[in-house]
Amino acid sequence: MVDILLIIILLLVFILPFIFRKIEHNLELFLLIMGLITTVVSKTLSFHLLGHVFSNYLLYLVTAVVLVMGFVFNLTVSKLKTAINSILSKIKIELFVALVILFLGLISSIITAIVATLILVEIIHLLPLKHQTKVKVAIIGCFSIGFGAALTPVGEPLSTIVVSSLNAEFLYILKNLGTYIVPTIIILSLLSYFILLYERKRGCILPTYEELLTEEEDIVKAEERAILAAEAKKDVVLRAGKIFMFIVALELLGSGFKPFIDKYVVKLGDKLLFWINIISAALDNATIAAAEITPSLSTGQVKAILLSLLASGGILIQGNIPNIIAANKLEIKSKEWVKLGLPLGLIFLLAFYLLLFVV
């Protein structure tokens with residue numbers, strides 16, 4: 001009975017954000033509530049669990065980084081706008097976007113995924129692209145950042161937990177998965193270039209930002225309000241608070257589902273486990289990694305687990321913190337995200353599967 005209830009909860013976490021806009025706009029609170037329900041159902045809720053969740057230094061480190069870098073971002077954002085306008089006067093937008101996605105993907109493991117996403121969002125907002133085109137660029141950019149941030153423990157909690165669980169060296173993921181991740185970032189950069197070439201033919205790239213404002217005034221104004229809010233001191237603090245809530249929610253969800261994962265998922269073979277990990281589209285990949293990664297695993301098994309988690313993280317908005325930030329600031333709906341996020345994630349999953357198990 002407990003297992004059935006947990007499956008129902010997992011389905012609700014996947015489905016409800018698509019159905020109700022209020023849930024979509026308050027995703028952190030929704031996930032926190034679902035996390036609490038999950039721990040109650042699985043009987044894992046305890047003072048010990050709460051103590052473990054709130055004693056995790058990453059919770060405070062990530063929140064602090066978001067807060068501090070948010071204020072730093074505020075101080076430099078005006079210079080960023082000037083730089084973007086200057087660059088766009090010299091090179092085509094297709095090349096500029098491709099270089100941005102490549103650069104942010106590679107540097108996100110140093111400046112953190114969250115800061116890289118804030119830069120991405122600001123740049124996308126200032127580009128003379130129609131909304132549907134911005135959505136595509138944002139999704140590709142978040143995939144790039146999601147992959148790149150995993151290269152070092154600084155970038156995101158997933159790599160921190162993996163390195164810690166394996167008692168491995170700081171550059172373990174870079175050394176063992178770099179040959180998969182770096183080419184993936186390059187492919188995403190090239191994909192953005194060719195998609196924008198196609199979008200130009202469709203008339204979705206306008207000559208100036210002012211023309212975009214004329215054609216899509218409502219959505220651009222909504223974006224601008226969200227971006228200005230992102231630059232406001234009040235929203236910097238609020239965003240840090242939401243990230244805090246989001247991490248707690250994902251910790252609770254992961255702890256609540258851990259007995260189910262231990263009972264059914266971990267015992268599965270590598271190939272099946274690779275596809276089962278698509279659940280990280282809705283659950284925190286760091287928590288799933290914590291449940292699955294142990295020192296007894298071979299390097300090949302670790303590769304399979306991590307690559308499947310990273311590829312799945314971009315499928316839905318709730319799969320990654322960068323996705324949530326980008327969707328919130330650029331007014332991207334869950335239905336819009338999944339149109340590209342799902343096929344792109346599945347293509348990467350299939351490619352990695354072939355490289356790991358077939359070739």
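The values are calculated or read from the model by the stated rules, or taken from the named source; none is laboratory data. Model, not experiment: these values are computed from the prediction. Because the Cβ atoms are built from the backbone with ideal geometry, glycine has one as well, and the counts that use them run over all protein chains shown.
Only one of these is within 18 Å of A138 (Cβ to Cβ) and of a type outside the set (D, E, K, R): V62, V53, V100. Name it. Explain how you work it out, then say what you get.
On the way: V62 fails: within 18 Å of A138 (Cβ to Cβ); V53 fails: within 18 Å of A138 (Cβ to Cβ).
One residue alone meets the criteria, V100.
Starting from residues that are among the small types (G, A, S) and more than 20 Å from F244 (Cβ to Cβ), keep the ones in region 1-59 and report whichever is surrounded by the most Cβ atoms within 10 Å (Cβ to Cβ). Show your work before the answer.
So in region 1-59, the residues among the small types (G, A, S) come out as 35, 42, 46, 51, 55.
Those left that are additionally more than 20 Å from F244 (Cβ to Cβ): 42, 46.
Working: S42: 19, S46: 11.
Within region 1-59, the match that is surrounded by the most Cβ atoms within 10 Å (Cβ to Cβ) is S42.
Quick check on A289: is it surrounded by 22 or more Cβ atoms within 10 Å (Cβ to Cβ), modelled with pLDDT of 85 or more and assigned to a helix (DSSP H, G or I)?
no
Confirm whether S144 is small (G, A, S), in a helix (DSSP H, G or I) and under 17 Å from L59 (Cα atoms). Show your work before the answer.
Details: small (G, A, S): yes; in a helix (DSSP H, G or I): yes; under 17 Å from L59 (Cα atoms): no.
The answer is no for S144.
For a quick check of your reading of the model, give me the residue pairs whose first member lies in region 13-25 and is closer than 19 Å to S280 by Cα, whose second is surrounded by 13 or more Cβ atoms within 10 Å (Cβ to Cβ) and small (G, A, S), with beta-carbon atoms closer than 6 Å and at least 6 apart or on different chains.
Partner pairs satisfying both residue conditions: V13/A282; F14/A282; P17/S334; F18/S334; E24/S334.
For region 141-163, which residues satisfy the criterion of being among the β-branched types (V, I, T), within 16 Å of the chain's Cα centre (by Cα) and crowded, with 24+ Cβ neighbours inside 10 Å?
I145
Which residue out of K233, K258, K267, K221 is modelled with pLDDT under 80, more than 25 Å from G341 (Cβ to Cβ) and surrounded by 15 or more Cβ atoms within 10 Å (Cβ to Cβ)? Steps first, please.
Details: K233 fails: surrounded by 15 or more Cβ atoms within 10 Å (Cβ to Cβ); K267 fails: surrounded by 15 or more Cβ atoms within 10 Å (Cβ to Cβ); K221 fails: surrounded by 15 or more Cβ atoms within 10 Å (Cβ to Cβ).
Of the residues listed, the single one that is modelled with pLDDT under 80, more than 25 Å from G341 (Cβ to Cβ) and surrounded by 15 or more Cβ atoms within 10 Å (Cβ to Cβ) is K258.
Restrict the check to region 44-59 and report whether at least one residue is within 22 Å of the chain's Cα centre (by Cα) and free of Cβ contacts under 8 Å to residues at least 40 places away in the same chain. Can you show your working first?
We begin by selecting, within region 44-59, every residue within 22 Å of the chain's Cα centre (by Cα); these are 53, 56-59.
If we keep only those that are free of Cβ contacts under 8 Å to residues at least 40 places away in the same chain as well, we get 57.
There is at least one residue in region 44-59 that is within 22 Å of the chain's Cα centre (by Cα) and free of Cβ contacts under 8 Å to residues at least 40 places away in the same chain.
Check every one of the helices (runs of 4 or more DSSP H) wholly within region 1-113 and list those with 3 or more residues that are more than 24 Å from E156 (Cβ to Cβ) and small (G, A, S). Show your work before the answer.
Numbers: elements: 2-19, 21-25, 27-41, 47-54, 57-88, 93-111.
Ranges flagged: 57-88.
Residues I205, I181, I186: which one is in contact with a Gly (Cβ under 9 Å, 6 or more places away or on another chain), β-branched (V, I, T), closer than 18 Å to A138 by Cα and in contact (Cβ under 8 Å) with a residue 60 or more places away in the chain?
I186
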